[in-house]
Amino acid sequence: MFTLRESIAINAPLERCFALSTRIELVRTTLGMKPVAGVTSGHVGAGSRVVWRGWKFGLPTEHHTLISELKEPHEYELPARRPGEAPVRYKSAVFVDRQEQGRFARFSHEHDFRQEYGEDTILRDRVEFSLPFGWAGKLVGQWIVAPHAQRLMRERFALIKRLAEGDGWREYVDAP
């Protein structure tokens with residue numbers, strides 16, 4: 001099993017970052033595959049399914065995705081860290097997409113969003129995957145798939161950051 005992690009701070013509201021992250025057209029831009037069934041445009045929601053089709057590593061690929069968990073942006077409060085301090089107010093959101101069918105033996109991608117009031121939004125992604133074919137799958141995972149997936153996460157984060165911190169987000173979302 002491989003576990004990949006990436007995070008980025010974005011100077012924009014959590015709601016905007018979340019809306020950009022759930023937008024199919026932006027996922028398509030960085031994934032390099034086309035949504036052909038299920039949700040093919042707009043935003044994914046809890047229980048959404050997307051069938052992605054394209055070419056990866058010189059092979060035709062079809063990846064069936066389920067949004068298995070989605071918690072819309074919400075507020076919560078943590079107790080004060082020290083006596084006499086005010087409680088800490090946060091915003092949070094999360095969604096998880098999992099492979100239902102495709103080339104992976106297992107694939108899960110968790111997208112976590114947190115924002116303390118007055119601070120940047122922190123996006124944290126965790127991808128867990130395994131490949132079939134035993135030791136050969138482990139080698140392919142280590143030397144080919146993991147670096148490729150890590151690069152895709154970084155590219156997606158850079159795109160979301162650029163859009164969310166500028167005016168480009170207006171083309172994709174109605175969020176603040």
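At-a-glance table
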item	result
Residue check for THR65: of a type outside the set (D, E, K, R) and either touching a residue at least 40 places away in the same chain (Cβ under 8 Å) or surrounded by fewer than 17 Cβ atoms within 10 Å (Cβ to Cβ) (or both)	no
Failed item in (1) modelled with pLDDT under 95; (2) within 20 Å of ILE8 (Cα to Cα); (3) among the acidic types (Asp, Glu), with GLU75 passing the rest	(2)
Residue in the range 136-176 that is farthest from the chain's Cα centre (by Cα), counting only those that are small (Gly, Ala, Ser) and part of a loop (DSSP other than H, G, I, E, B)	GLY166
Which listed residue, of SER68, SER48, is in contact with an Asp or Glu (Cβ under 8 Å, 6 or more places away or on another chain) and more than 19 Å from ARG162 (Cα to Cα)	SER68
Which numbered condition ARG81 fails, given (1) modelled with pLDDT under 95; (2) surrounded by 18 or more Cβ atoms within 10 Å (Cβ to Cβ)	(2)
Test: residue in the range 118-135 that is in a helix (DSSP H, G or I) and loosely packed, with under 14 Cβ neighbours inside 10 Å	yes
Per-region count, the range 6-46, residues surrounded by fewer than 16 Cβ atoms within 10 Å (Cβ to Cβ) and either assigned to a loop (DSSP other than H, G, I, E, B) or of a type in the set (Lys, Arg) (or both)	8
Residue selected from the range 47-80 under the condition of a type in the set (Gly, Ala, Ser) and in a strand (DSSP E or B), by the criterion farthest from ASP97 (Cα to Cα)	GLY54
Considering residues of the range 88-117 that are within 21 Å of THR22 (Cβ to Cβ) and touching a helix residue (DSSP H, G or I) at 6+ places or on another chain (Cβ under 8 Å) only, the residue surrounded by the most Cβ atoms within 10 Å (Cβ to Cβ)	GLN115
Scan of the range 126-170 for residues that are acidic (Asp, Glu) and either at pLDDT 95 or above or closer than 16 Å to VAL27 by Cα (or both), ordered by number	GLU128, GLU155, GLU165
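The values are calculated or read from the model by the stated rules, or taken from the named source; none is laboratory data. Values in this document were obtained by computation on a predicted structure and should not be read as measured data. For neighbour counting, all protein chains shown are included, and Cβ atoms are generated from backbone atoms with ideal geometry for every residue, glycine included.
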